[in-house]
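Derivation of every value follows stated rules applied to the coordinates shown; laboratory data play no part. Keep in mind it's a predicted model, so treat the numbers as computed, not measured. Backbone-built Cβ (ideal geometry, glycine too); neighbour counts: all protein chains shown.
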Amino acid sequence: MPPEERIAITGDGDIVTARSRARELADALGFSRTHQTVIAAAVSEIARNIVVYANTGEIVLRAQQGDGRWGLVVVATDEGPGIADLEQALSDGFSTTGSLGVGLPGARRLMDSREIDTEVGRGTTVTMLKWADSRG
């Protein structure tokens, strides 16, 4: 298994690629089909945010082992405008583009842990983790 996979995000086709590769890695790590779908959805939301708000970025997928179980780490980075009000951006229904506002809040609920590092004018990095045997 490669240590990590990098997927450039520049358009809608790359969202599909990132989603598919995340699902494939989750399957290889022994995630249930339900969790494969959850991971794919979270990756899709974050990749879409890159396309909509930053135009380009990257998603890195990698396996992580801890406490006798496998996890899948997703790191999404961009050099876009950054998020001016992170608390507001994490609120359900908030959008600056007229969308449904489910991207960041949805990804946050789907994964076991997440960290968002953002700076206005410099970009955003979202790091998410899902454990293979997690319940949530």
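Odds and ends about this structure:
- Summing Cβ point charges (Lys, Arg +1; Asp, Glu -1) relative to the Cα centre of segment 5-131 gives a dipole of roughly 440 debye.
- Taking Lys and Arg as +1 and Asp and Glu as -1, the other residues whose beta-carbon sits under 12 Å from that of GLN36 total +3.
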